[in-house]
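Have a look at the structure below, then the notes.
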Amino acid sequence: MKPLSPRKRRIYVWLFVLLFFISVPLALFYASGYRFGLDGVLKTGGIFLSVPYDGATIFLNGEEIGKSGLLNKSVYVGNLVPASYEIEVTREGDHPWTRLLIVESELVTDATVFLVPHSVSIAELTTAPNAPTTTKHLSLGEFSAYLAEFDTLPATTTASSIGTLVIENGALFLRWKQKESVLPSIYCEAPSSCLPEIAISAKEQRVTNAAFFGGGIVYSTSSGIYVREADTRPTTLVIPLYAKAGSSFRVIDGRLIVKDGKKLYEILDL
Amino acid sequence: MMNKKDLYWYLHIGRANELIGRDRVIYRLFEMLPGALSLATLWIFVVLSFVKPVFAAYLTIIFSIYWLFKTFYLSIHLRHNFKRMRHNLAIDWNERLESLKYGHIVHLIIFPFYQDDYRVLSGSIRGLLESQWDPKSMVVVLAAEERAGSSALEVAARIEREFKARFLACIITRHPSDVAGEMPGKGSNISFAAEEARVRVLDPHGVPYENVLVSAFDVDTVVYPQYFACLTWNFLTAEKPLRSSYQPVPLYNNNIWEAPMLARVMAYSSSFWQMIQQERPEKLATFSSHAVPFSSLYEAGYWQKNIVSEDSRIFWNLFARYDGEYEVVPIAYPVSMDANMAPTFIGSVRNIYLQHRRWTYGAENIAYILFVFLKNPRIRLRKKFRAAFFQIEGFWSLTTHPLILFAVGWLPLFIGGDAFNATVLSYSLPSVARTFLAVAMFGLVASAAFSMYLVPKRPPEYTRFRSVVLVAQWILMPLTMVIFSSIPGLDAQLRLMFGRYLGFWVTPKSRKANLPVPKPALTA
């Protein structure tokens with residue numbers, strides 16, 4: 001039996017060279033979001049959704065596209081023609097989360113789901129021994145220290161990786177101050193349309209304090225304490241956490257503590 | 001110092017520092033070439049991933065496609081060689097030889113050994129006796145190393161005592177240690193042994209050199225039954241018998257059932273690569289156990305004594321010595337050796353790494369080839385260009401491609417920056433590249449199927465599960481390609497580049513049992 005003949009080998013080489021040169025442009029265009037159909041070439045984009053929760057159901061334009069799980073905390077939807085897409089994420093016991101995302105060609109629009117329970121648990125902090133289960137026990141020293149935190153004025157700016165919270169004349173803004181870098185998608189109504197500032201509070205509200213907490217922004221106004229997502233795209237979730245005038249909050253030791261009169265509470269489940 | 005009056009004064013250059021003046025600078029630059037090319041390629045990928053991640057991502061996809069078609073292309077060669085090897089194992093080569101005059105052929109078989117066990121060496125000698133070839137036309141040389149001490153000589157003496165009468169001759173050679181200009185290793189040992197055999201056996205017996213075929217084996221090389229008949233037939237029917245070396249397929253079956261999974265994957269990968277090369281003779285140089293006509297070997301001054309990769313270098317020595325009119329005849333017939341293993345898993349990993357670093361140190365041939373091509377105007381330009389290109393491309397792709405496909409190519413995803421991460425391309429890169437690589441894995445699945453035919457019959461002490469693992473082991477391939485091809489390849493090339501030259505590392509032979517000659521599953 002003879003070795004593979006040079007002629008056969010040449011045929012294979014040219015065949016694979018031909019296939020290579022056909023495949024390369026097709027693969028590169030495909031990877032860049034181009035799709036080929038009977039209607040010709042379509043430029044597409046995609047949506048990437050981070051879902052940092054288990055058991056949430058994800059809908060795209062009303063159609064279920066997946067569920068989140070322990071090992072499945074994100075969804076990528078490709079092949080989307082440039083347009084607006086409504087994403088809804090639901091989970092039993094939580095407020096539904098909806099977002100209108102604009103998809104542009106060759107780009108991926110991303111968003112992070114923010115779920116807040118329908119009823120946020122609030123526990124009173126007390127120094128009394130044998131207190132009921134709806135309360136949390138603190139030592140007298142801890143309680144006094146927590147109270148003392150409320151004696152100092154809150155900061156008017158707070159920075160994090162997604163921007164800086166700024167209270168100006170009673171209005172709350174989230175601002176992106178790193179001029180050299182690309183704006184995170186929460187600042188962008190569409191991937192190519194971004195502004196480095198998001199108005200967090202409503203015009204009529206006067207914000208007294210604000211902080212990043214539990215994946216959202218917690219702020220207090222004269223009418224109570226609220227949590228809101230950091231995202232400029234509609235429809236942003238704004239949930240009252242403690243709707244009582246005169247209340248204030250501080251984030252102490254990673255806990256969201258509310259002061260109402262002389263009493264302290266902790267907001268749980270956020 | 002080289003005697004430049006000699007037409008082939010450059011024939012046995014080992015390193016740049018053996019030369020002077022301009023030649024030394026040129027050779028040094030050639031030594032740096034493989035490492036520089038590989039580093040530059042990887043460096044371009046890293047820089048592109050930072051600066052132009054889109055281009056880097058495109059390149060990764062292009063590489064994946066190239067890899068896919070290359071795998072298909074090589075698989076065709078592997079499949080053909082597998083068929084050819086099975087065909088050759090089924091043929092009665094002795095019957096074929098009947099129409100030829102072959103009684104004058106003498107096989108000189110050299111077994112270089114260091115501190116190897118008696119049972120390893122005796123297994124190889126028994127392999128010769130069990131082969132279907134008259135041992136009275138075989139000269140066996142037990143090539144011991146003086147530095148290995150008296151125990152090695154005792155092993156050789158015992159072998160000589162037990163088997164000498166069966167062969168035309170069986171001699172022990174003792175390669176002296178610390179010879180100026182020599183590197184301790186296989187090359188210097190077998191060169192010494194070949195010359196000793198000439199003086200002590202061939203000349204006294206009056207054997208014409210052109211009738212002698214030298215099989216330069218490893219200590220663990222066990223021949224399959226008709227190796228010598230097949231080799232002789234190929235020698236007698238070759239277009240240029242004295243201007244050709246003869247390359248069998250190295251299988252690593254001696255201890256394959258007891259070798260750990262990593263060792264098995266690497267062993268079959270090496271065999272498959274040689275099988276593929278057998279179908280691409282223009283890219284084939286001699287490797288490991290090989291055969292060469294004594295007359296050519298003698299004229300070329302035997303194997304080089306001052307380098308690591310003497311097995312492949314001898315081909316280039318002969319190629320240069322005969323002005324490009326020398327080739328390798330792939331005989332598509334197997335010999336069996338030990339898979340590289342140690343008593344512990346970590347030991348095996350270390351041994352495999354070191355062995356592959358030694359093999360990939362064959363990049364030292366590039367400097368030699370380029371230099372020789374500069375100095376030898378009698379080799380045709382086309383031959384020079386092809387040989388240089390194939391060698392450079394071979395070592396470059398061996399080192400860089402697995403690293404690009406399975407490591408560096410994915411960098412844009414991590415360092416491409418926010419703008420790149422917002423593109424469809426960044427999300428598509430993993431899936432598109434992975435798809436091409438996964439399809440290429442079909443080539444590996446085919447390899448797994450082939451490997452099952454090459455494996456000797458399962459010994460009763462191993463369960464069926466081990467057979468299943470023998471197929472499943474191929475999943476390790478991407479990992480082994482990076483750890484045992486790319487990284488040792490780069491290690492070897494960087495050593496050459498920075499002048500931190502490697503010495504010869506003797507692969508320790510480790511077997512759990514006293515093994516019989518492996519039965520070729522292909523003919524079962």
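Data for the structure
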item: Residue ID - farthest from the chain's Cα centre (by Cα), chosen from residues in region A:230-249 that are within 16 Å of A:Thr158 (Cβ to Cβ) and buried (at least 21 other Cβ atoms within 10 Å of the Cβ); result: A:Phe249
item: Residue in region A:35-88 that is farthest from A:Val24 (Cα to Cα), counting only those that are of a type in the set (Phe, Trp, Tyr) and in contact (Cβ under 8 Å) with a residue 12 or more places away in the chain; result: A:Tyr53
item: Boolean, B:Leu236 is surrounded by fewer than 22 Cβ atoms within 10 Å (Cβ to Cβ), at negative phi, modelled with pLDDT of 95 or more and in contact with a Phe, Trp or Tyr (Cβ under 8 Å, 6 or more places away or on another chain); result: yes
item: Residues being in a loop (DSSP other than H, G, I, E, B) and either under 18 Å from A:Ile47 (Cα atoms) or among the polar types (S, T, N, Q) (or both) - total across region A:183-195; result: 4
item: Residue in region B:93-116 that is at pLDDT 90 or above, within 14 Å of chain A (Cβ to nearest Cβ), out of contact with any Ser or Thr (no Cβ under 8 Å at 6 or more places or on another chain) and assigned to a loop (DSSP other than H, G, I, E, B) present; result: no
item: Tally of residues being modelled with pLDDT under 90 and either crowded, with 16+ Cβ neighbours inside 10 Å or not in a loop (DSSP other than H, G, I, E, B) (or both) across region A:196-205; result: 2
item: Selection status of A:Val182, over 30 Å from A:Pro82 (Cβ atoms) and among the β-branched types (Val, Ile, Thr); result: no
item: Yes/no for B:His80 being more than 14 Å from every other protein chain (Cβ to nearest Cβ) and crowded, with 22+ Cβ neighbours inside 10 Å; result: no
item: Region B:42-71 residues that are facing chain A (nearest Cβ under 8 Å) and outside any helix (DSSP H, G or I), paired with ones that are aromatic (Phe, Trp, Tyr) and surrounded by fewer than 21 Cβ atoms within 10 Å (Cβ to Cβ) (beta carbon under 7 Å, 6 or more apart); result: none
item: A:Ile186 being at pLDDT below 90 and either under 16 Å from the mean Cα position of the chain (by Cα) or within 12 Å of chain B (Cβ to nearest Cβ) (or both); result: no
item: Filter result for A:Phe21 (more than 8 Å from chain B (Cβ to nearest Cβ), more than 30 Å from B:Tyr333 (Cα to Cα) and aromatic (Phe, Trp, Tyr)); result: yes
item: Yes/no for A:Phe143 being of a type outside the set (Asp, Glu), in a helix (DSSP H, G or I) and more than 14 Å from chain B (Cβ to nearest Cβ); result: yes
item: Region A:24-46: number of residues that are more than 10 Å from chain B (Cβ to nearest Cβ), on the phi < 0 side of the Ramachandran plot and outside any helix (DSSP H, G or I); result: 7
item: Condition broken by B:Lys164, with the remaining ones in (1) buried (at least 19 other Cβ atoms within 10 Å of the Cβ); (2) part of a helix (DSSP H, G or I) satisfied; result: (1)
item: Test: residue in region B:449-472 that is among the aliphatic types (A, V, I, L, M) and in a loop (DSSP other than H, G, I, E, B); result: yes
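Here's the yes/no breakdown for (1) touching a Pro at 6+ places or on another chain (Cβ under 7 Å); (2) of a type in the set (Phe, Trp, Tyr); (3) more than 28 Å from B:His356 (Cβ to Cβ); (4) within 14 Å of chain A (Cβ to nearest Cβ):
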position	(1), (2), (3), (4)
B:Lys384	no, no, yes, no
B:Ala387	no, no, no, no
B:Ser397	no, no, no, no
B:Leu403	no, no, no, no
B:Val408	no, no, no, no
B:Leu411	no, no, no, no
B:Gly417	yes, no, yes, yes
B:Ala422	yes, no, yes, yes
B:Leu425	no, no, yes, yes
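This table checks each residue for (1) of a type in the set (A, V, I, L, M, F, W, C); (2) more than 14 Å from chain B (Cβ to nearest Cβ); (3) farther than 12 Å from A:Gly46 by Cβ.
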residue: A:Ser84; (1), (2), (3): no, yes, yes
residue: A:Val89; (1), (2), (3): yes, yes, yes
residue: A:Asp94; (1), (2), (3): no, yes, yes
residue: A:Arg99; (1), (2), (3): no, yes, yes
residue: A:Val103; (1), (2), (3): yes, no, no
residue: A:Leu107; (1), (2), (3): yes, no, no
residue: A:Pro117; (1), (2), (3): no, yes, yes
residue: A:Glu124; (1), (2), (3): no, yes, yes
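The values are calculated or read from the model by the stated rules, or taken from the named source; none is laboratory data. As the structure is a prediction and not an experimental result, all values here were calculated from the model. Neighbour counts are summed over all protein chains in view; Cβ atoms, including those assigned to glycine, are modelled from backbone coordinates with ideal geometry.
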